[in-house]
Amino acid sequence: MAEATQVANDQLIENEQVQNRIEKMHKLEERGILPFGHRFDWTHHNTDVHEHAKEMEEAGTEVKVAGRVMAIRGHGKTCFMDLHDKTGRIQLYLRKDVLGEDAYSVTRLMDIGDIIGVTGTVFLTHTGEPSIRVTDLQFLSKALKPLPEKFHGLKDMDLRYRQRYVDLIMNPEVKDVFVKRTQIIKSIRRILDEDGFLEVETPVLNTISGGATARPFITYHNALNIQLYLRIATELNLKRLIVGGMERVYELGRVFRNEGMDIKHNPEFTTLELYQAYGDMDTMMDITEKLVSQTAQNVLGTMKITYEGQEIDLTPPWPRMTMIDSIKEFSGYDFNGVKDLEQARAMAKEAKVEFEESWGVGKIINAFFDAFVEEKLVQPVFICKYPKEISPLAKSSVDDPEITDRFEGFIYGRELCNGFTELNDPLDQRERFVRQMEERANGDLEAGMMDEDFVNALMHGLPPTGGLGIGIDRLVMFLTGATSIRDVLLFPTMKPLPQDKAELDAEEDAAAKSADGQEEK
């Protein structure tokens with residue numbers, strides 16, 4: 001009850017502050033000042049002034065800067081303000097005798113959060129702080145809602161994710177993460193472009209959900225009167241392009257999976273997928289090492305990072321070991337040569353590894369890996385040779401047809417990437433699709449679907465090909481030290497607040513009634 005009262009009081013205070021700001025807005029309008037201004041031709045960013053303040057002061061350079069007011073000090077004949085732009089802070093010095101009484105009095109109608117543009121000359125204070133002596137001030141946007149209180153800031157993580165715009169204003173270090181994210185993506189593109197890869201775009205909406213094992217989002221196309229799926233991967237379309245002779249292609253883009261959410265998962269996320277004709281699993285591991293290590297060097301200036309207190313060395317080469325060997329090393333259970341399902345089940349029961357009756361040996365092996373190995377893989381490592389049962393698109397190993405030439409890269413106990421030698425036998429691929437359909441019919445909503453057109457593409461000949469997928473969000477997490485995927489997504493998916501949900505429900509009801517009315521007509 002006390003908490004509810006406090007929330008109500010906070011809302012009341014905020015409403016009073018909003019009303020006060022609206023009144024100031026009207027007073028500006030009465031003076032003929034537009035509270036929401038127009039174009040402002042700035043000449044410098046704040047860091048430019050800081051870096052060249054001494055020369056600018058000596059030359060009497062006039063500068064124009066624009067940004068958000070984050071502090072106001074003094075209301076006598078002089079006034080100081082802190083103005084923030086995307087590069088940082090600069091101090092403004094305003095005097096009544098310089099601006100004139102009418103112009104100077106406008107400062108009393110200003111609030112923290114207002115966006116202004118100023119013209120002035122640069123000088124250094126007696127403490128050596130670069131400042132701007134303002135000769136002209138323009139309102140660009142009146143902030144009608146107050147920013148969070150200065151000393152407490154915006155610390156509620158849920159609110160920070162929902163109102164990222166306020167988070168960026170109050171926590172400048174957040175912006176640095178997203179600047180690095182852009183730099184990481186630029187680095188990846190540059191490396192691949194230099195290696196002869198062609199960036200392409202493939203459809204987000206598909207008639208078949210394929211390319212990965214995941215539950216899709218489903219939508220509907222009214223004009224075609226068909227159900228469509230948001231892509232869960234870009235794989236199948238990219239391999240169609242290899243069939244078409246493009247040889248080296250990649251796509252950086254969003255994929256969508258209708259699954260759970262946690263610190264490592266968001267329903268929509270960014271992946272890099274690339275395919276190289278005449279390559280294989282080893283080719284893809286080499287490319288992974290190059291992309292990750294060189295990007296770390298390009299963006300951070302080092303291949304050694306610290307993540308959650310653990311130093312991690314990204315320098316190539318990374319160790320490579322088979323899934324079965326890793327299970328033996330960390331659990332003591334040896335699946336080499338194990339083909340009998342009852343034997344695999346007996347080993348699982350002994351090790352207290354849970355499994356489902358519908359699983360084959362391959363899925364039981366994977367369950368052992370999840371239980372005993374994954375979280376122990378702190379330093380970069382490639383785990384290779386995955387069971388065919390869990391790798392429907394990977395090519396079988398020459399030595400064992402039930403094992404595929406597939407790998408995953410792990411850092412800090414988390415999967416970073418997935419790659420393999422692509423299956424290019426159309427008859428084998430069709431059989432695997434059929435098994436996926438059987439699993440789907442038995443209730444596995446993550447199992448894949450039959451893609452006859454993809455089989456048809458393979459019938460025309462897919463050259464030996466290596467394929468790779470890297471989770472960009474997880475890579476950004478490692479290189480920026482972020483502990484949650486929400487910290488590297490500007491607008492992560494959030495459950496609607498109660499009042500928002502009520503509004504959405506009302507809109508859906510109104511839309512449904514409108515649609516019903518149209519059908520009756």
Taking the stretch 61-85 and keeping residues at pLDDT below 95 and open to solvent by 70 Å² or more (accessible area, probe 1.4 Å) leaves R73, H75, K77
Picking from G481, G467, G413, which residue would you name as being open to solvent by less than 40 Å² (accessible area, probe 1.4 Å), in contact (Cβ under 8 Å) with a residue 24 or more places away in the chain and farther than 24 Å from D325 by Cβ?
G481
List, please: which pairs have Cβ atoms under 8 Å, are six or more places apart or on different chains, and start with a residue in the stretch 347-365 that is closer than 23 Å to P401 by Cα and end with one that is of a type in the set (K, R) and open to solvent by 50 Å² or more (accessible area, probe 1.4 Å)?
V361/K339
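Each row is one residue, and each column tells you yes or no for (1) over 30 Å from D193 (Cβ atoms); (2) at pLDDT 95 or above; (3) open to solvent by 30 Å² or more (accessible area, probe 1.4 Å); (4) not hydroxyl-bearing (S, T, Y).
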site	(1), (2), (3), (4)
M281	no, yes, no, yes
E289	no, yes, no, yes
I312	no, yes, no, yes
T315	no, yes, yes, no
F330	yes, yes, yes, yes
V361	yes, yes, no, yes
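From the list I324, I312, I305, I287, pick out the single residue that is farther than 30 Å from R231 by Cβ, touching a residue at least 60 places away in the same chain (Cβ under 8 Å) and part of a helix (DSSP H, G or I). Write out each step before concluding.
Working: I312 fails: part of a helix (DSSP H, G or I); I305 fails: part of a helix (DSSP H, G or I); I287 fails: farther than 30 Å from R231 by Cβ.
Being farther than 30 Å from R231 by Cβ, touching a residue at least 60 places away in the same chain (Cβ under 8 Å) and part of a helix (DSSP H, G or I) holds for just one of I324, I312, I305, I287, which is I324.
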Give the stretch 180-200 a look and list any residue that's loosely packed, with under 13 Cβ neighbours inside 10 Å and without any contact (Cβ under 8 Å) to a residue 24 or more places away in the chain, or say none.
T182, D193, E194
State all residues of the stretch 416-434 that are surrounded by 15 or more Cβ atoms within 10 Å (Cβ to Cβ) and out of contact with any strand residue (DSSP E or B) (no Cβ under 9 Å at 6 or more places or on another chain); if no residue qualifies, say none.
P426, Q429, R430, R432, F433
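Name every residue in the stretch 412-466 that is of a type in the set (A, V, I, L, M), closer than 30 Å to M477 by Cβ and modelled with pLDDT of 95 or more, in order of residue number. First the steps, then the outcome.
Of all residues in the stretch 412-466, those of a type in the set (A, V, I, L, M) come to 416, 423, 427, 434, 437, 441, 445, 447, 449-450, 455, 457-459, 462.
Pick out the ones that are also closer than 30 Å to M477 by Cβ and you get 416, 445, 447.
Result: L416, single match.
Do we find that L144 is surrounded by 15 or more Cβ atoms within 10 Å (Cβ to Cβ), in contact with a strand residue (DSSP E or B) (Cβ under 8 Å, 6 or more places away or on another chain), closer than 27 Å to F36 by Cβ and touching a residue at least 40 places away in the same chain (Cβ under 8 Å) in this structure? It would help to see each step written out before you state the result.
Numbers: surrounded by 15 or more Cβ atoms within 10 Å (Cβ to Cβ): yes; in contact with a strand residue (DSSP E or B) (Cβ under 8 Å, 6 or more places away or on another chain): no; closer than 27 Å to F36 by Cβ: yes; touching a residue at least 40 places away in the same chain (Cβ under 8 Å): yes.
No: the conditions fail for L144.
Say whether the condition of being within 25 Å of D262 (Cβ to Cβ) and open to solvent by less than 10 Å² (accessible area, probe 1.4 Å) is met by at least one residue in the stretch 393-401.
To start, the set of residues in the stretch 393-401 that are within 25 Å of D262 (Cβ to Cβ) comprises none.
So far as the stretch 393-401 goes, no, none of its residues is within 25 Å of D262 (Cβ to Cβ) and open to solvent by less than 10 Å² (accessible area, probe 1.4 Å).
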Selection status of T271, surrounded by 18 or more Cβ atoms within 10 Å (Cβ to Cβ) and at pLDDT 95 or above:
yes
Taking the residues in the stretch 63-96 that are β-branched (V, I, T) and under 15 Å from D114 (Cβ atoms) as candidates, determine which candidate is farthest from the chain's Cα centre (by Cα).
I72
Taking the stretch 374-409 only, how many residues are over 30 Å from the mean Cα position of the chain (by Cα) and farther than 20 Å from S358 by Cα?
8
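Just name the residue that is modelled with the lowest pLDDT out of those in the stretch 88-134 that are among the polar types (S, T, N, Q) and over 24 Å from M56 (Cα atoms).
Initially, the stretch 88-134 is screened for residues among the polar types (S, T, N, Q), giving 91, 105, 107, 119, 121, 125, 127, 131.
Add one more test, that the residue is over 24 Å from M56 (Cα atoms), and what stays is 105, 107.
On the way: S105: 89, T107: 92.
Only one residue tops the list, namely S105.
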If I filter the stretch 230-245 for residues that are open to solvent by 10 Å² or more (accessible area, probe 1.4 Å), out of contact with any Pro (no Cβ under 8 Å at 6 or more places or on another chain), modelled with pLDDT of 95 or more and at positive phi, do I get at least one hit?
yes
Filtered residue count, the stretch 20-37, keeping only those that are farther than 11 Å from L144 by Cβ and open to solvent by 70 Å² or more (accessible area, probe 1.4 Å):
6
The lone exception for K54 - which of (1) farther than 29 Å from V174 by Cα; (2) at pLDDT 95 or above; (3) touching a helix residue (DSSP H, G or I) at 6+ places or on another chain (Cβ under 8 Å) it fails:
(3)
Here are the criteria: (1) surrounded by 14 or more Cβ atoms within 10 Å (Cβ to Cβ); (2) modelled with pLDDT of 95 or more. Tell me which single one P203 does not satisfy.
(1)
The listed residue being basic (K, R), in contact with a Leu (Cβ under 8 Å, 6 or more places away or on another chain), over 15 Å from F410 (Cα atoms) and open to solvent by 60 Å² or more (accessible area, probe 1.4 Å), out of K339, K304:
K304
Candidate set: the stretch 210-229, residues that are of a type in the set (S, T, Y) and touching a residue at least 24 places away in the same chain (Cβ under 8 Å); chosen: the one least open to solvent (accessible area, probe 1.4 Å)
Y229
Count of residues meeting criterion [open to solvent by 30 Å² or more (accessible area, probe 1.4 Å) and in contact with a helix residue (DSSP H, G or I) (Cβ under 7 Å, 6 or more places away or on another chain)] in the stretch 108-132:
1
Looking at (1) in contact with a strand residue (DSSP E or B) (Cβ under 7 Å, 6 or more places away or on another chain); (2) open to solvent by 20 Å² or more (accessible area, probe 1.4 Å), which one does E58 not meet, given that it meets all the others?
(1)
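The values are calculated or read from the model by the stated rules, or taken from the named source; none is laboratory data. Everything numeric in this text was worked out from a predicted model, so none of it was measured. Reconstructed Cβ throughout: ideal geometry from the backbone, glycine too, with neighbour counts over all protein chains shown. Ligands, DNA and RNA are stripped out before the accessible areas are found, and what is left, the full protein with its side chains, is counted by its heavy atoms. Shrake-Rupley method; radii C 1.70, N 1.55, O 1.52, S 1.80 Å.
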